[in-house]
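Read the structure below first, then the notes.
Throughout, read-outs are computed from the coordinates displayed, never taken from laboratory work. Just so it is clear, the structure is predicted and the values come from calculations on it, not from any experiment. Cβ placement follows ideal geometry from the backbone for every residue including glycine, while neighbour counts extend to all protein chains displayed.
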Amino acid sequence: MNKTSSFDARRRWLLQSGATCASALGFGSVGNLLLGTRPAHAADYKALVCVFLYGGNDGLNTIVPTDAARHAQYGAVRGALAIPRERLVALPGTEFGLHPSLGALSAAATAGHIAPVFNVGPLYAPLTKAQYRSTPNGAALKPDGLFSHSDQQVLWETATTQSQERSGWGGRASTALGTVNPVISVGGNARFGLTTLQSPLVLPGPGSTFGAYGLQPADLTWAPRAANKAAIDAMYAQSQDTVLANAYARMQRDAFAVSQRLGSLVKVQPGGSGANPAIDAAFAPITSGGRITTALGRQLYQVAKLIAGNATVGGDRQIFFAQAGGFDTHAGQVAGSATDGEHARRLQEVGDALGAFYTAMRNLGLGQAVTTFTQSDFGRTFKPNSSNGTDHAWGNQHLVIGGAVQGRATYGSYPQLVLGGADDVGSDPWEQQGRWIPTTSVDQYAATLLGWFGASDAQLDATLPNLRNFGTRRRLGFV
């Protein structure tokens, strides 16, 4: 599932009318979007960057064991999908390696700035196979809509086990920590950044116009446009008859202020006016003719610019959301060999973009201040299907990248590679596919990230409702 369609529609709507500028900034309270109300403190600046891999990334081929015994077990079940040990990107200090398409992350791996986190998924509380088999659907202990794209995307983005939850854990963290900005999304209006009162600040890609078409600062040198803008400002400055109308007028005023403040920064492209050489150099491997060549690359280039310009964006804590799609690899996951095919192509885009972003943060001297992490709907079955692909599963492996990350180690429990074993939900032979029951919860994963970000235990409990069910094992220690 790809979220870009809603993003594109939102952008077109914004460009068509100056009166709808506030819509790009959310439906709720926008008062805190008057950026610059709190100065940025460079010495204490931190950013979290979520990269959601829509469709259900095959984590078992993203992070692969390299020790002989476990790799032989992996290869025996995965068959044509198995990746040879000699092709893997080394993760020093561990007995694991990365898919060869993630070669652009080798510098981060060598520096000890990548942490593999094993068998993560939505959990209400720790869950054994016996408990899973005996718990009816709908009970608190069993998450809603297991193995369903839409449901599991919601559970990951909200850090809950209830698919009707509206607010995302990124949005709730922003509220709990009182950040100047809501979640800043370059990947559409995902639930990750939602709260009950506001939506994320959704930005278009590099080179795009952010704000009302024809009412940008450069347009106002023409007298008719300037008069039009003055009339709009006067209209929104008038006191209205109802609280709702006044709130709407305030949102419009704030939206114009934000777009005028960020518009020039959003518009910058590689090599263009205002471009940052440190960022452009990092993204050069995926830049052609002044344009980033991949969708995720463009999103992370935009994030890099916003982080570099954090004094303009405002606040010393910023949460970003980006996304890539196409990971629902039911067929053709590999082609010719396990290092070719659709999954390899998808991971190539991810690896190249993450590698460029990591280098950009290091070039800017902000490597220690920025932590990037992956999320995805679910993992995929350990056992391949009859179409040279994999099907929907549950627990998954994830990557955390950044200068503050404690690499050269692994986190969480790697699943037993035994079909029908203690980690597999399947019991009868027909259902023994390797759909691993998570041993680490989304709550613990998120709590580790947010603890580094500055959240107190009370703020973690307010943000992550199921965290208290995991006792003293609240954080995993990877950052």
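Here are a few things to note about the model shown:
- Between the Cα long axis of helix 342-363 and the first principal axis of the chain there is an angle of about 60°, rounded to the nearest 10.
- Chymotrypsin sites (Phe, Trp or Tyr not before Pro) within the range 62-126: DSSP coil, no more than 14 neighbouring Cβ in 10 Å: none
- Extension gain, T312 back to N469 (0.36 nm per residue minus Cα-Cα distance, nm): 52.5 nm
- Listed by chain and number, the lysines whose C-alpha is less than 22 Å from the C-alpha of K267, apart from same-chain residues fewer than 8 away, are K3, K229, K305.
- Within the range 205-274, chymotrypsin sites (Phe, Trp or Tyr not before Pro) in DSSP loop having at most 14 other beta-carbon neighbours inside 10 Å: Y213, W222
- Degrees separating the helix 68-78 axis from the principal Cα axis of the chain, which is the longest one: 80 degrees
- Rounded if a/c under 1.5, otherwise prolate or oblate - the range 69-179, Cα gyration tensor axes: oblate
- Axis angle, to the nearest 10 degrees, between helix 4-16 and the longest C-alpha principal axis of the chain: 0 degrees.
- The shape of the range 320-479 comes out oblate: with a ≥ b ≥ c from the C-alpha gyration tensor, a/c is at least 1.5 while a/b does not beat b/c.
- Added length on full extension, which subtracts the Cα-Cα distance from 0.36 nm per residue, A331 to R166: 56.2 nm
- Using 0.36 nm per residue and subtracting the Cα-Cα separation, the extra length available between D241 and Y213 on full extension is 7.2 nm.
- Cross-link partners of K383 among lysines (Cα-Cα below 28 Å; sequence separation of 8 or more within a chain): K129, K142
- Structure-derived mean projected area of the Cα convex hull in nm²: which label, when the choices are (i) 23.1; (ii) 28.5; (iii) 21.4: (i)
- Formal net charge of residues neighbouring Q260 (Cβ-Cβ distance under 13 Å; K, R +1; D, E -1): +1
- Alpha-carbon centroids, the range 65-101 and the range 152-183: separation in whole Å: 34 Å
- Once C-alpha pairs closer than 8 Å and six or more residues apart are averaged by separation and normalised to the residue number of the chain, the relative contact order reads 29 percent.
- Using C-alpha pairs below 8 Å separated by at least 6 residues, the relative contact order for the range 35-114 is 24 percent.
- In the chain, taking the dipole from charged Cβ atoms about the Cα centre, the farthest positive-side position among G355, A90, T390 is held by G355.
- Estimated distance in nm for a label pair at T293 and A72, the labels positioned 7 Å out from Cα along Cα-to-Cβ: 4.1 nm
- Förster radius 60 Å - calculated FRET efficiency between K129 and A275 (Cβ-Cβ, nearest 0.05): 0.65
- Shape category assigned to the range 47-100 from the gyration tensor of Cα positions, a/c cut at 1.5: oblate
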